[in-house]
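Notes to accompany the following structure.
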Amino acid sequence: MHSIDSAIVEQNGFRTINQHSRNAPRILLTPGPLTTSELVRDAMKNDYGSRDAEFIATTRSIRQKLVRIVNGEASHVAVPLAGCGTSAVEATISTLMRKSDALLVLINGAYGERIYRIAVKMGRNVVALHWPEDVPIDSAMVRSYLRENTSVTHVALVHCETTTGILNPIEKVAAVVSQEGKSLILDAMSSFGALPLDVSASPATAIVASSNKCLEGTPGISFAIVEKQALENSEGNSSSTVLDLFGHWKNFEENGQWQFTPPVQVVAALDVALNLLDDEGGPTGRNQRYQQNMAVLIEGMKTLGFECLLDLTVQAPVIATLHSPKERWYEFTSFYKALADRGFLIYPGKVSGFDTFRVGCIGAIDAADLRRFISTVKDVRDSSISSSPKSGAPVSFS
Ligand SMILES: *Cc1c(COP(=O)(O)O)cnc(C)c1O
């Protein structure tokens, strides 16, 4: 087998991907885009006419399957749009909120912050409640805030905050928001399809996610699953054309077609990915595989002396945040490169106040891939220790 090294060409000091390296196996231990299965990538080898009956049927199929994942057939519709996940977050706020509405964002990480900044930039009324990045959102505090601040109409939060990998208690928060008569906007980007989510247990006006995370599709589609009632009342709210879910929805309802050019290959790949999710037993089955992946990852990294940022009771089986070792051999960029050269792509840390890095366990990968990753980390560490000047000596901070 060719090593990944030989597949990478250097151009002006930058590594680029050439024809050969496209065939080299690469495991993405990131929060997305992720490792996809060959069946999913194969669906992208054809061309599809966006106004053709076959493609219209594929679009209908993905819209139905997306709604079914959260048990929303009776009340919700799926509105996909072309773009990264953030575009659906922006479109949802822009479409569902009237100018006079007010949004409360519950923040314990960078993606919650992003929702807040999107609303500010759009000129909407927005306030925020903050928690430390390693602490889940507290529904009791949300309740008392909503009782004291009755002008709030919408509440937004992130299900799995990918900044750390922490799981927020969605059922509890959704119950509070619904009891207080507010609308919930849930960013379920890094959990959708893998963590159980049911609109009858967690009432949400909108659930936002994308094709390329736990659904294991390719990147290029984001979507919102929206309460039909809320969508019907949303005409004219969005000042954008491309980010107006109402406009897209009307078009889907009228002729089954995307309003503007759809990423046809990505749609076809997502349809296959959704079938594979079904074959795996839906979110329950996928959750089991990710739980196993996470268990192998955490156990293995602990054995090698790495420490997790989060308490395991609040860790979602999505991405782990690990403290950077305070040892002389470790330096993120060279650690990253050594792992990448061996086929594993990890992710930098994003937590404030700590030096960390992240390793994901989602995508079309299994426990055996994670075991290979652990032994690769061991090899990299061992060879870094033996090649560093004062091998194994602790760093002196004097
Ligand atoms: C990945 C992610 C997003 C969207 O990211 P994009 O880069 O726009 O696709 C939003 N929220 C969360 C929690 C995420 O993990």
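Quick notes
- Excluding ligands, DNA and RNA, the accessible surface per residue across region 135-250 is 33 Å² with a 1.4 Å probe.
- Sorted largest first, extent of region 265-382 alpha carbons per principal axis (Å): 47, 33, 27
- Of all DSSP beta bridges in the chain, antiparallel share, percent nearest 5: 60 percent
- In this rough spin-label picture, where each label sits 7 Å from Cα along the Cβ direction, the D366-S144 distance is 4.9 nm.
- With K and R counted +1 and D and E -1, the other residues having a Cβ less than 13 Å from that of Y48 yield a net charge of -2.
- Across T35, T58, T303, mean-square fluctuation computed from a Gaussian network of the chain (C-alpha pairs under 10 Å connected) peaks at T303.
- Annotation for region 324-383 versus region 175-216: alpha-carbon center distance of 30 Å.
- For the chain: relative contact order, % (alpha-carbon pairs under 8 angstrom, 6 or more apart): 22 percent
- Which listed pairs, of K302/K337; K250/K350; K213/K250, have C-alpha distances above 30 Å, in listed order: K250/K350
- Part-to-part distance (alpha-carbon centres) for region 62-96 and region 25-61, which is given in Å: 18 Å
- Calculated from backbone phi, Karplus (6.51, -1.76, 1.60) coupling profile of region 298-309 in Hz, x at Gly/Pro: 5, 4, x, 5, 4, 4, 7, x, 7, 10, 7, 6
- Dimensionless Rg ratio for the chain, taking C-alpha atoms and the 2.2 N^0.38 Å reference: 1.03
- Helix-only CD estimate at 222 nm, as mean residue ellipticity for the chain, using -39500 (n - 2.57) per DSSP H run (n ≥ 4): -12000 deg cm²/dmol
- If you run the Gaussian network model on the chain, springs between alpha carbon atoms under 10 Å, then out of H159, H76, H130 the most flexible one is H130.
- Per-residue SASA entry for M141, accessible area with 1.4 Å probe, Å² rounded to 10: 100 Å²
- Residues in region 254-264 carry Karplus couplings, in order, of 6, 9, x, 10, 6, 5, 10, 3, x, x, 4 Hz; the curve used is 6.51 cos²θ - 1.76 cosθ + 1.60 with θ = phi - 60°, and Gly or Pro positions show x.
- Distance from region 225-286 to region 121-150 (C-alpha centre basis), Å: 28 Å
- Taking the convex hull of Cα positions in region 81-219, its mean projected area over all directions (nm²): 7.6 nm²
The values are calculated or read from the model by the stated rules, or taken from the named source; none is laboratory data. Everything quoted here is computed from the prediction, not taken from an experiment. Cβ atoms come from the backbone with ideal geometry, glycine included; neighbour counts cover every protein chain shown. To get the accessible areas, we keep the full protein, side chains included, count just its heavy atoms, and leave off ligands, DNA and RNA. Shrake-Rupley method; radii C 1.70, N 1.55, O 1.52, S 1.80 Å.
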